[in-house]
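Chemist: One structure, pasted below without further comment.
The values are calculated or read from the model by the stated rules, or taken from the named source; none is laboratory data. Keep in mind the model is a prediction, meaning the values are calculated, not measured. Glycine gets a Cβ as well: all are built from the backbone with ideal geometry, and neighbour counts include every protein chain shown.
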Amino acid sequence: MIDTTVFQDKTAVYYTLGCKLNFSETSTLGKALREAGVRTARKGERADICVINTCSVTEMADKKCRQVIHRMVKQHPDAFVVVTGCYAQLKPEDMAKIEGVDIVLGAEQKKDLLRYLGDLQKKNRGEAYTSALKDIRSFSPSCSRGDRTRFFLKVQDGCDYYCSYCTIPFARGKSRNGTIASVVQQARDAAAEGGKEIVLTGVNIGDFGKSTDETFFDLVQALDEVEGIQRYRISSIEPNLLTDEIIGFVAQSRRFMPHFHIPLQSGSDEVLRLMRRKYDTSLFASKIRKIREVMPDAFIGVDVIVGTRGETGELFEQTCRFIAEMDVTRLHVFSYSERPGTRALNIDHIVSPDEKHRRSQRLLQLSEGKAAAFYARHIGKSMKVLMEKSKPGAPMHGFTENYIRIETDHNEALDNRIVTLQLNGFNEDGTALWGTIVS
């Protein structure tokens, strides 16, 4: 039994780096602390407990994690400091050596946060608690809301793909998931809290079901039956796992939105081979065509990595030509970062930082053009928008079913409501369409 009396009247502050999955998990850690009697610290208040959930997807992410830890220790000098997340799993001893850090929890340990907090007595040196990769087996459910309208529901964790550039399988372990029944119950709980929209998150969500003998398609069908939730969005899903069956179901679903996020990473088959991806450009293109065939106005976001080892100038040009031909909506562009222990380090041909930047800017310009054209063709339409809370006097924002960002006059009564808006021209900074209420 954990003695929770030590947590009474204590305060905590949380800092999350990285993906939506991390935010979902931090929310669950915060819920456990609140249930034990810990209050979230107010702005400017020095906390008793500091929880930092780290990311390690790039070298820059590692650097930012270290900076955040130093800053949080300085802002909360007497706090019991906990570091967890991907960077903590990959480099636990390095994290434990940072002055002010008390404990470092790996992927298998973070679910037992309360047990590791002990009596909250600060230590002279940090202690690291992690498991070997082969021993990372448990699935810890999590669902977050934060200050926004959407809930982020974790349905899967870990990855078995081992792409040549990626350390995430080493940080999160093998692919695993909760049961469909447990995920459905979490969706019902979100609906009971007033949730209208849920984003399904994970490391490789299309791989859902490996540990429970179920499938992602089974999950999608079950969630579609949950009353109260009006919108679901599928976060990043591998093209080889996005089946025509799933696409067809989303097209006729009552609740799953016409919105896809599909990692491409490169438009060159040679680079995809070097990356050890499980598809080629032909398969990717077939998925885009299938989506457009049944959902012409679907939003399609695409991840691309530039400057990977082996990406020559000509291979990058292949990527540019391929993406230019694809009817996608927006690119999420990342510069390749060297990660220790990955197979990519054995590949010849290194792209300079300046060239990576140039390639990123070129794809970002291509992305801006595609996104602007997608938005523009919806001007004049009336569409349903889920509105999000804003500060008094500031414009309100929300998203259409196909993820077009909308801006309109502030009206507190619209918070977390789905309303029909007439989509007019672009707002002042071009980041959204201005909407006027129809109903």
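Chemist: May I ask you to verify whether Val351 is aliphatic (A, V, I, L, M), free of Cβ contacts under 8 Å to residues at least 60 places away in the same chain, farther than 26 Å from Cys320 by Cα and not assigned by TED's automatic domain parsing to the domain that holds Val57?
Modeler: So Val351 fails the test.
Chemist: Applying the selection to the stretch 252-271, what residues are assigned to a loop (DSSP other than H, G, I, E, B) and at pLDDT 95 or above? Reasoning before the result, please.
Modeler: We begin by selecting, within the stretch 252-271, every residue assigned to a loop (DSSP other than H, G, I, E, B); these are 253-255, 257-258, 266-268.
Residues satisfying the conditions are Ser253, Arg255, Met257, Pro258, Ser266, Gly267, Ser268.
Chemist: Here is a further query. Which one of these does Leu345 not meet: (1) among the hydrophobic types (A, V, I, L, M, F, W, C); (2) buried (at least 18 other Cβ atoms within 10 Å of the Cβ); (3) free of Cβ contacts under 8 Å to residues at least 40 places away in the same chain?
Modeler: Just one mismatch for Leu345, condition (2).
Chemist: Mind counting the residues in the stretch 175-219 that are out of contact with any helix residue (DSSP H, G or I) (no Cβ under 6 Å at 6 or more places or on another chain), under 30 Å from Lys389 (Cα atoms) and in a helix (DSSP H, G or I)?
Modeler: Counting residues in the stretch 175-219 that are out of contact with any helix residue (DSSP H, G or I) (no Cβ under 6 Å at 6 or more places or on another chain), under 30 Å from Lys389 (Cα atoms) and in a helix (DSSP H, G or I) gives 10.
Chemist: May I ask you to verify whether Ala394 is out of contact with any helix residue (DSSP H, G or I) (no Cβ under 7 Å at 6 or more places or on another chain), assigned to a helix (DSSP H, G or I) and surrounded by fewer than 20 Cβ atoms within 10 Å (Cβ to Cβ)? Even if it seems obvious, please write down each step before you answer.
Modeler: Working: out of contact with any helix residue (DSSP H, G or I) (no Cβ under 7 Å at 6 or more places or on another chain): yes; assigned to a helix (DSSP H, G or I): no; surrounded by fewer than 20 Cβ atoms within 10 Å (Cβ to Cβ): yes.
No; evaluated as a whole, the condition is false for this residue.
Here's the yes/no breakdown for (1) surrounded by 17 or more Cβ atoms within 10 Å (Cβ to Cβ); (2) more than 27 Å from Ser131 (Cβ to Cβ):
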{"residue": "Gly178", "(1), (2)": "yes, no"}
{"residue": "Gly194", "(1), (2)": "no, yes"}
{"residue": "Ile198", "(1), (2)": "yes, yes"}
{"residue": "Thr201", "(1), (2)": "yes, no"}
{"residue": "Phe208", "(1), (2)": "yes, no"}
{"residue": "Asp218", "(1), (2)": "no, yes"}
{"residue": "Glu225", "(1), (2)": "no, yes"}
{"residue": "Arg233", "(1), (2)": "yes, yes"}
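Chemist: Which condition number in (1) part of a strand (DSSP E or B); (2) among the hydrophobic types (A, V, I, L, M, F, W, C); (3) within 23 Å of the chain's Cα centre (by Cα) is the one that Met383 fails?
Modeler: Unmet for Met383, out of (1) part of a strand (DSSP E or B); (2) among the hydrophobic types (A, V, I, L, M, F, W, C); (3) within 23 Å of the chain's Cα centre (by Cα): (3).
Chemist: Further, regarding this structure: Restricting the stretch 142-176 to residues that are more than 15 Å from the chain's Cα centre (by Cα) and closer than 18 Å to Thr26 by Cα, which is surrounded by the fewest Cβ atoms within 10 Å (Cβ to Cβ)?
Modeler: As a first pass, look at the stretch 142-176 and keep what is more than 15 Å from the chain's Cα centre (by Cα): 147, 149, 160-167, 169-171, 173-176.
Still in the list and also closer than 18 Å to Thr26 by Cα: 147, 149, 171.
On the way: Asp147: 6, Thr149: 22, Ala171: 25.
Looking at residues that are more than 15 Å from the chain's Cα centre (by Cα) and closer than 18 Å to Thr26 by Cα, I get Asp147.
Chemist: Still on this model: Test each condition in (1) within 27 Å of the chain's Cα centre (by Cα); (2) among the polar types (S, T, N, Q); (3) closer than 29 Å to Gln230 by Cβ; (4) modelled with pLDDT of 95 or more for Thr420 and report the one that comes out false.
Modeler: Condition not satisfied by Thr420: (1).
Chemist: Let me ask something additional. With the structure loaded, tell me whether Leu274 is closer than 26 Å to Thr400 by Cβ, surrounded by 15 or more Cβ atoms within 10 Å (Cβ to Cβ) and out of contact with any Leu (no Cβ under 7 Å at 6 or more places or on another chain) or whether it fails that test.
Modeler: Values: closer than 26 Å to Thr400 by Cβ: no; surrounded by 15 or more Cβ atoms within 10 Å (Cβ to Cβ): yes; out of contact with any Leu (no Cβ under 7 Å at 6 or more places or on another chain): yes.
So Leu274 fails the test.
Chemist: Also, quick follow-up: Against the definition (assigned to a loop (DSSP other than H, G, I, E, B), more than 25 Å from the chain's Cα centre (by Cα) and among the charged types (D, E, K, R)), how does Asp429 come out, yes or no?
Modeler: Yes; evaluated as a whole, the condition is true for this residue.
Chemist: For the stretch 124-141, enumerate the residues that are surrounded by 13 or more Cβ atoms within 10 Å (Cβ to Cβ) and either of a type outside the set (Asp, Glu) or not assigned by TED's automatic domain parsing to the domain that holds Ile98 (or both).
Modeler: Taking the stretch 124-141 first, the residues surrounded by 13 or more Cβ atoms within 10 Å (Cβ to Cβ) are 126-131, 133, 136-141.
Within the stretch 124-141, Gly126, Ala128, Tyr129, Thr130, Ser131, Leu133, Ile136, Arg137, Ser138, Phe139, Ser140, Pro141 qualify.
Chemist: While we're here: For the stretch 217-235, which positions are within 23 Å of Ser138 (Cβ to Cβ) and touching a residue at least 60 places away in the same chain (Cβ under 8 Å)?
Modeler: Initially, the stretch 217-235 is screened for residues within 23 Å of Ser138 (Cβ to Cβ), giving 218-219, 222-223, 235.
Result: Leu219, Ser235.
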